[in-house]
């Protein structure tokens, strides 16, 4: 295990991975990020990538990179696998104070990611609807999102995890006040919120699955092969 003894209080936010189901607030948040740090690079996927491209227009298209372009791997059909890639997790979990981790980043052509902006498929809202089937519920279980935000929150030493659009304004305010940096106190507060968020999400999934009978699960499918 690696135990870190010395870190930076303020971390400059140069590279941000954005992949959100709820795109509310992006139209303000994204331009503000680039206003504060014009050299910032945004990495994104699927519908979020398209939304950010529309927000930025042609003038700042060079600030946006598709995750598939960065990883060299196209998205799986239906978007089932987009961000579950070694280079992404090196970028999130690497302790850049560690020379061996810096060598790993260099060896793989990966870059350190300073902030993730991610919110998850709406599992709770889906299963609260009348007549929802286990299959529809299953399809709304997010995998890549929880993995990314857990990785970012674990490495609050230098990575910020933003899971709530309600925090966008506070993040912008602090970046503005600190020359594009976020403090350890803020990164830790965001990590606390992130683990509470994923805990509630997993609890909702476990509770729903526990409430289903095998007969209800079988009834979700026109044919169950033997």
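The values are calculated or read from the model by the stated rules, or taken from the named source; none is laboratory data. What you see is a predicted model; the values in this text were computed from it and never measured. Here the Cβ positions follow ideal geometry from the backbone for every residue, glycine too, while neighbour counts run over all protein chains shown.
Can you tell me which condition residue 33 does not meet? The list is (1) touching a helix residue (DSSP H, G or I) at 6+ places or on another chain (Cβ under 9 Å); (2) surrounded by fewer than 18 Cβ atoms within 10 Å (Cβ to Cβ); (3) in a helix (DSSP H, G or I), and all the others hold.
Tallying (1) touching a helix residue (DSSP H, G or I) at 6+ places or on another chain (Cβ under 9 Å); (2) surrounded by fewer than 18 Cβ atoms within 10 Å (Cβ to Cβ); (3) in a helix (DSSP H, G or I), residue 33 fails exactly one: (2).
Which of the residues spanning segment 177-192 are on the phi < 0 side of the Ramachandran plot, buried (at least 18 other Cβ atoms within 10 Å of the Cβ) and either within 15 Å of the chain's Cα centre (by Cα) or assigned to a loop (DSSP other than H, G, I, E, B) (or both)?
Matches in segment 177-192: 187, 190, 191.
Do any helices (runs of 4 or more DSSP H) entirely within segment 73-176 hold 3 or more residues that are closer than 25 Å to residue 28 by Cβ, under 18 Å from the mean Cα position of the chain (by Cα) and at pLDDT 85 or above, and if so, which? Walk me through how you get there before you give the answer.
Values: elements: 86-93, 99-108, 123-127, 134-139, 144-154.
In segment 73-176, 144-154 are the helices (runs of 4 or more DSSP H) which contain 3 or more residues that are closer than 25 Å to residue 28 by Cβ, under 18 Å from the mean Cα position of the chain (by Cα) and at pLDDT 85 or above.
Residues in segment 92-115: is at least one buried (at least 17 other Cβ atoms within 10 Å of the Cβ) and within 28 Å of residue 210 (Cα to Cα)?
No, every residue in segment 92-115 fails to be buried (at least 17 other Cβ atoms within 10 Å of the Cβ) and within 28 Å of residue 210 (Cα to Cα).
Any residue that is in contact with a helix residue (DSSP H, G or I) (Cβ under 8 Å, 6 or more places away or on another chain) and crowded, with 19+ Cβ neighbours inside 10 Å - is there at least one of those in segment 55-63? I'd like the intermediate steps shown before the answer.
First pass over segment 55-63, keeping only residues in contact with a helix residue (DSSP H, G or I) (Cβ under 8 Å, 6 or more places away or on another chain): 55-56, 60-61, 63.
With the extra rule that they be crowded, with 19+ Cβ neighbours inside 10 Å, the set shrinks to none.
No.
If a residue must be touching a residue at least 60 places away in the same chain (Cβ under 8 Å), within 24 Å of residue 84 (Cα to Cα) and part of a loop (DSSP other than H, G, I, E, B), how many such residues does segment 1-23 contain?
Quick first cut of segment 1-23, residues touching a residue at least 60 places away in the same chain (Cβ under 8 Å) only: 2, 4, 6-22.
Then keep just the ones that are within 24 Å of residue 84 (Cα to Cα); that gives 2, 13-22.
Of the ones still in play, those that are also part of a loop (DSSP other than H, G, I, E, B) are 2, 13-14, 21-22.
Total satisfying the criteria: 5.
Search segment 152-165 for residues that are surrounded by fewer than 24 Cβ atoms within 10 Å (Cβ to Cβ) and pair each with any residue that is modelled with pLDDT under 95 and in a helix (DSSP H, G or I) when their beta-carbon atoms are under 6 Å apart and the residues are at least 6 apart or on different chains.
So the pair list comes out as 155/93.
For the subset of segment 39-53 comprising residues that are assigned to a helix (DSSP H, G or I) and touching a helix residue (DSSP H, G or I) at 6+ places or on another chain (Cβ under 9 Å), which member is surrounded by the most Cβ atoms within 10 Å (Cβ to Cβ)? Spell out the reasoning first.
Going residue by residue through segment 39-53, those that are assigned to a helix (DSSP H, G or I) are 46-53.
Filter once more, so that each one left must be touching a helix residue (DSSP H, G or I) at 6+ places or on another chain (Cβ under 9 Å): 46-49, 51-53.
Values: 46: 15, 47: 13, 48: 22, 49: 21, 51: 17, 52: 24, 53: 16.
Per the criteria, the residue is 52.
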